[in-house]
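What follows is a short report on a single structure.
The values are calculated or read from the model by the stated rules, or taken from the named source; none is laboratory data. The structure displayed is predicted, hence computed values, not measured ones. Heads up, the Cβs are rebuilt from the backbone with ideal geometry, glycines too, and the neighbour counts pull from every protein chain shown.
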Amino acid sequence: MELNNKNFDAVVVVEGKDDTARLKQFFPGIETIETNGSAVSTETLALIKKVAQKRDIIVFTDPDFNGERIRKIVTQAVPTAKQAFVTRKEAEPEFSGSLGVEHAAKEALERALVDLHEMKKISDLTFDQYRGLGLATSSRSRKLREAVGVKLGIGYANGKQFYKRLVMFGIGFSELRQTVSEVENGK
């Protein structure tokens, strides 16, 4: 797959210049808007909203607290924004530093930009069902959430945020139960 201006018309919202440089390294025609940190200025939000009137927006932030914060801010401003995720493992630096899109391999970036998610807000999943599947308040919850997030392609988040993400993407109880079962059985 080749991502360029001719067949990739979306604008990708990233955290900083290192993320842009990494994406352009593999996909030279890709266009980005950098938030320059987790504060996300009103000017940057205004720019993203303006671009969203004519083009698709993809939010592609780091799989950490600040990345999630930026994702929420941008998605609140542009609810139609599509979401791209890399896993925590894919975002690990080779030597030292913090998690980041800028550390992901070409294959991980490509997968994330093809496997986009949209907000749906239609889900029958209750928090009790979610907790009953072992995704919150158990000693294995973190690892289970991480594996389920990879399988569903929605990234990792803490217990409360992961539940909200599942609901936001319209993932219902039966789909989640099936995914948890597959993860637990090594499928």
| Being among the small types (G, A, S) and in contact with a strand residue (DSSP E or B) (Cβ under 6 Å, 6 or more places away or on another chain), is that true of even one residue in segment 58-81? | yes
| task | Taking the residues in segment 88-126 that are buried (at least 16 other Cβ atoms within 10 Å of the Cβ) and of a type in the set (G, A, S) as candidates, determine which candidate is modelled with the lowest pLDDT. | result | S123
| task | State all residues of segment 101-141 that are of a type in the set (S, T, N, Q) and closer than 26 Å to K82 by Cβ; if no residue qualifies, say none. | result | S123
| query | So which of E31, E92 ends up being closer than 21 Å to L152 by Cα and of a type in the set (D, E, K, R)? | reply | E92
| query | more than 17 Å from the chain's Cα centre (by Cα), hydroxyl-bearing (S, T, Y), in a helix (DSSP H, G or I) and buried (at least 17 other Cβ atoms within 10 Å of the Cβ): does that describe Y130? | reply | yes
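Results for (1) part of a helix (DSSP H, G or I); (2) of a type outside the set (D, E); (3) closer than 30 Å to L144 by Cα, shown as yes or no for each residue.
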position	(1), (2), (3)
T20	yes, yes, no
L23	yes, yes, yes
G29	no, yes, no
V40	no, yes, no
L45	yes, yes, no
K49	yes, yes, no
I70	yes, yes, yes
V74	yes, yes, yes
R88	no, yes, yes
| Within the bounds of segment 145-155, is there any residue that is assigned to a loop (DSSP other than H, G, I, E, B), hydrophobic (A, V, I, L, M, F, W, C) and free of Cβ contacts under 8 Å to residues at least 12 places away in the same chain? | no
| field | Checking S139 against (1) loosely packed, with under 15 Cβ neighbours inside 10 Å; (2) small (G, A, S); (3) in contact with a Lys or Arg (Cβ under 6 Å, 6 or more places away or on another chain), the condition it does not meet | value | (3)
| query | Just checking, which of T87, T61, T75, T42 is of a type in the set (S, T, Y) and either more than 12 Å from the chain's Cα centre (by Cα) or outside the structural domain of A104 (by TED's automatic domain parsing) (or both)? | reply | T42
| Before we move on, is S98 more than 30 Å from A46 (Cα to Cα) and of a type outside the set (F, W, Y)? | no
